[in-house]
There are 4 protein chains.
Amino acid sequence: MRFLERFARGELRLNRLEAFSDGVFAIVVTLLVLELKVPVLSEPHSVRELGHGLIELLPKFCSWLISFVIVCKFWLNHHHIIGLARHANYALIWLNSIFLMFQSFIPFPTALLGEYPENPLAVTLFGVVMAFNTLLFIAVHAYILKHLLKAEFVGTQDPHIIRKSFVGVGSYLAGAAVAWLNVEAAFILYALTPLFFIVPPQPQR
Amino acid sequence: MRFLERFARGELRLNRLEAFSDGVFAIVVTLLVLELKVPVLSEPHSVRELGHGLIELLPKFCSWLISFVIVCKFWLNHHHIIGLARHANYALIWLNSIFLMFQSFIPFPTALLGEYPENPLAVTLFGVVMAFNTLLFIAVHAYILKHLLKAEFVGTQDPHIIRKSFVGVGSYLAGAAVAWLNVEAAFILYALTPLFFIVPPQPQR
Amino acid sequence: MRFLERFARGELRLNRLEAFSDGVFAIVVTLLVLELKVPVLSEPHSVRELGHGLIELLPKFCSWLISFVIVCKFWLNHHHIIGLARHANYALIWLNSIFLMFQSFIPFPTALLGEYPENPLAVTLFGVVMAFNTLLFIAVHAYILKHLLKAEFVGTQDPHIIRKSFVGVGSYLAGAAVAWLNVEAAFILYALTPLFFIVPPQPQR
Amino acid sequence: MRFLERFARGELRLNRLEAFSDGVFAIVVTLLVLELKVPVLSEPHSVRELGHGLIELLPKFCSWLISFVIVCKFWLNHHHIIGLARHANYALIWLNSIFLMFQSFIPFPTALLGEYPENPLAVTLFGVVMAFNTLLFIAVHAYILKHLLKAEFVGTQDPHIIRKSFVGVGSYLAGAAVAWLNVEAAFILYALTPLFFIVPPQPQR
């Protein structure tokens, strides 16, 4: 019990938490492109062969695009919720670190999705990882709302916001389930999910 | 309609947008060098073989140099236009994210250009991607000028600046077209284009 | 002697030291995921084969998780001790650089541990590197306490804090020794060690 | 002429130049470790084979260490000279970008040196690249001293500082020349050179 209490201590500046998080977001988003490997051609001058090679990369382009939009949305919403906190404590820093750990994991399921776009297990895993990331984000959000909300925002937050956020979790999991029936449908669900909450909710006055 | 209006909301601090953007620019620029792979030698001590290996890397060095200068120019001009904005809203953040997405894409066409410098499709793609990046930059610029311009800059901006920016788009597309006739000419056009607007225009008083 | 004195000079701002350090921490933590390579399948659609491939990656997931937590803990404690300093001097900058050098080294022993989880030498090396990183961290901490402590923190720091920090060094080295008898036990020790000092000690009033 | 004058215009904030530079430095320093590839073992459990594999990596460890120290020194001195400037103009930003371009190039000659430590061409190239980087650094430094020096530092700078900085250029080039006679001697020169100016000169009062 005393161990857990120590996490609620500390009044840490938010700027290094933001700098560290922005660094991780920026690197994740940029590493995604490393999966797009230049096709190997038997005939380097052949326009036709290169064209074919690029068309074969199409699933990788799609998974790159989807992941990029998802990570940008996480970044934007992270920006929003950190702006609600009056300072950081150790619990927030560790929740945020665990959230960033699974953000930095995103290049792996993205690569898997791009490499095996028709393998239901690969498509499912992508959705499960995104659902899990959304859950971690909700945990950070809920912690701030409960323990670290700036005085000026008290009473201005939608009381159902956390419950509404689970729509994203559900939508990614639906995609993960649908993948076993139809992988294209799962791709579409994954691409549509980030459109929900693409703009963080405004404070209510 | 109401959906679109929500993007114009929000008064977000510009510092995290800058931090995220600077992170992406810095990583893109640094990842470019990863394409320069150490040549594999059958005789590790052979100066001659290593010399040949390095000369074969010449197209990769060229494409690295050109992309580096182009990304630095985007960074500098980004610095300039963000300095014109009084704050960020969600529309700006998403426009900027889409712009950064295609900035982070640049290592791929750069690798393609370095690997297949005589394949017209590879050379064309480079120009098309750069033209597209310039278009996205223009979109961010135009949005700031129209919706978020700081009061102090009103009336000081060249009214034709957006139209003039299309010179860069045209020049990259010209390179992309010329590639089908002569790849060297396209390289030269790509290297010359960033010299246009290498210094952002000054406010007019 | 005069050479060494020069290092104590300089009143450098801490913000660039923090920015550089945060950059290194963020990149180290994100590069760790690059070791998780997509398994190569003979039959791209096979759920079973992909499942087996992912299970074989389990040691890599474990070493990724352990290293991520360790680097986050270093980041958090770094945040804490830099907050104790009134400014930076050249000695601090070089101590910090050497510390960061071995932080940026962490992806290598992590990859080794993930690739050869049953090779005692690989498991030992991981522990030795982490013990060495902890030593370097202690050196930075001790230097700040002795030479650069902010006036407001004088007398509030636990006088035994440096001695207590050696528990981490000892624990990593114990894991490194145990690896020659039982590699699983070493993994467990490595995973438990970061739980010590997971929250930096509070000032005593 | 009027084209060149435009570069002297602009009063840009230094914070984004610093953020971009710190990002590049942090990434360069961290990418260096990617060259340290896990050795491939025919017998994964063999301590002996892994030991041999690690000993064969020794030249890579050396080149990694040397490059890390060199880049940290560039970072520290960059920190110092940017602190002398009252603001940035376009000339400074472009000089700085060209300097960063060749900083981000450092992983390539480092990899070359680590891969072919006994090939005189590889060893020479490392020294030439470092000499060139030092020249670019001197250019940035000289530009700031001449055009952008803060009022408070006028008259406090060593008037021979630029000339003294050429010692580093000469030392790297000496290493590059010596490489053709004795590669070990070149390694030692490269390792010793960063010790010169390891602490930036203090203002003279």
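The values are calculated or read from the model by the stated rules, or taken from the named source; none is laboratory data. Keep in mind that this is a model prediction, so the values were computed, not measured. All Cβ positions, even for glycine, are placed from backbone atoms using ideal geometry, and neighbour counts span all protein chains on display. Side chains are part of the model used for accessible areas, which takes the heavy atoms of the whole protein and leaves out ligands, DNA and RNA. Shrake-Rupley method; radii C 1.70, N 1.55, O 1.52, S 1.80 Å.
Taking the Cβ of D:SER67 as the center, what net charge do the other residues with Cβ under 14 Å away carry, scoring Lys and Arg +1 and Asp and Glu -1? Write out the running numbers ahead of the final one.
Working: positive: D:LYS60, D:LYS73; negative: D:GLU35, D:GLU115.
Residues close to D:SER67 contribute a combined charge of 0.
Go ahead and run the numbers for FRET between D:ALA151 and C:PHE196, Cβ-Cβ distance against an R0 of 60 Å, rounding to 0.05. Computed FRET efficiency for D:ALA151 and C:PHE196: 0.75. The HN-Hα couplings worked out from phi for segment D:51-62 by the Karplus form 6.51 cos²θ - 1.76 cosθ + 1.60 (θ = phi - 60°) are x, 4, x, 6, 5, 5, 7, 3, x, 5, 4, 4 Hz, whole numbers, x standing for Gly and Pro. Each listed q (0.05, 0.06, 0.10 Å⁻¹) maps to a log10 I(q)/I(0) for the protein assembly as shown from the Debye sum over equal C-alpha point scatterers, namely -0.26, -0.39, -1.21.
Note on segment A:39-107: Cα convex hull, mean projected area over all directions, 6.4 nm².
How big is the convex hull of the Cα atoms of segment A:96-205, per residue, in Å³?
Numbers: hull volume 10.3 nm³, N = 110.
Hull volume normalised by residue count: 94 Å³.
Summarised in one figure, the compactness ratio Rg/Rh of segment C:142-205, Cα atoms and Kirkwood Rh, is 1.15. Roughly how many whole Å is it from the C-alpha centroid of segment C:1-79 to that of segment D:19-95? Between the Cα centre of segment C:1-79 and that of segment D:19-95, the gap is 14 Å. Plainly put, the tip 7 Å out from Cα toward Cβ on C:LEU58 is 3.8, 3.8, 5.4 nm from that tip on each other copy, the closest given first. Remark: segment B:181-192, residue by residue, has Karplus-estimated 3J(HN,Hα) of 9, 7, 5, 4, 4, 5, 3, 5, 4, 4, 6, 7 Hz, where x stands for each Gly or Pro and the curve is 6.51 cos²θ - 1.76 cosθ + 1.60 at θ = phi - 60°.
Please label the shape of segment B:120-168 as rounded, prolate or oblate, based on the square roots a ≥ b ≥ c of the eigenvalues of the alpha-carbon gyration tensor (a/c under 1.5 means rounded; beyond that, a/b larger than b/c means prolate, else oblate). Could you put the intermediate results ahead of the total?
Values: a/c = 5.47, a/b = 2.83, b/c = 1.94.
It is prolate, given that a/c is not under 1.5 and a/b is the larger ratio.
Using the Karplus relation 6.51 cos²θ - 1.76 cosθ + 1.60 with θ = phi - 60°, the per-residue 3J(HN,Hα) values for segment D:92-109 come to 4, 5, 6, 4, 5, 5, 5, 4, 5, 4, 7, 5, 6, 7, 3, x, 5, x Hz, with x marking Gly and Pro.
Over chain A, dividing the summed -39,500 (n - 2.57) contributions of all DSSP H runs of at least 4 residues by the number of residues returns a 222 nm mean residue ellipticity of -21500 deg cm²/dmol. You can think of it this way: the chain between A:GLU43 and A:VAL128 has 26.5 nm of extra reach, that is 0.36 nm per residue less the Cα-Cα gap.
Relative contact order for segment B:86-159: what percent, with Cα pairs under 8 Å and sequence separation of 6 or more? Spell out each step's value before the answer.
Details: 37 pairs, mean separation 32.2, N = 74.
Value for segment B:86-159: 43 percent.
Farthest towards the positive end of the charge dipole of the protein assembly as shown, among the residues D:LEU95, A:PRO107, B:PRO59, is the Cα of D:LEU95, using unit charges on the Cβ of Lys, Arg, Asp and Glu.
Taking every protein chain into account, the accessible area of chain A amounts to 41 square angstrom per residue (probe 1.4 Å).
What whole-number volume per residue, in cubic angstrom, does the convex hull of the C-alpha atoms of segment C:70-146 give?
Working: hull volume 5.5 nm³, N = 77.
Convex hull volume per residue, Cα atoms: 72 Å³.
Considering every alpha-carbon pair of segment C:1-148, the percent of pairs per 10 Å bin, from zero through the bin containing the longest distance, is 10, 34, 26, 16, 9, 4, 1. Here's how it looks for C:GLN157: its modeled amide H is under 5 Å from those of C:GLN204, which are all 5 or more places away or on a different chain.
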